[in-house]
Amino acid sequence: MTEQDFINIIGNKISNEMQKAIIRSNFQPQLADQLCKAIDSHEKADLFQRLMNEWVAYQNRQQQIVQLFFQQFYGK
């Protein structure tokens, strides 16, 4: 992840918290809770997707390193 990715994550977190504050001040508590939970769930899903993308990129780099080693060591 880049520095910009972290900045974006923090910006999204701040934006989500602001949205939830507006929702809590404008909707009935039961509906507000449901809407806020939806925002939280979306945020968690986005972070999980980022994690999975990083994991796949890491695995691809590891595979490339192993392939390069075999090519250099065994000439294949």
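What follows is calculated from the coordinates using simple rules that are stated; it is not laboratory data. Because the structure is predicted, anything quoted here is derived from the model rather than measured. Note: ideal-geometry Cβ built from the backbone for every residue, glycine included; neighbour counts use all protein chains shown.
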>> So in the range 19-76, with the set limited to residues that are closer than 20 Å to Asn8 by Cα and acidic (Asp, Glu), which one is nearest to the chain's Cα centre (by Cα)?
In response: Asp46
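If you take the residues of the range 1-33 that are among the polar types (S, T, N, Q) and surrounded by 12 or more Cβ atoms within 10 Å (Cβ to Cβ), which of them is nearest to Ala57 (Cα to Cα)?
Per the criteria, the residue is Asn8.
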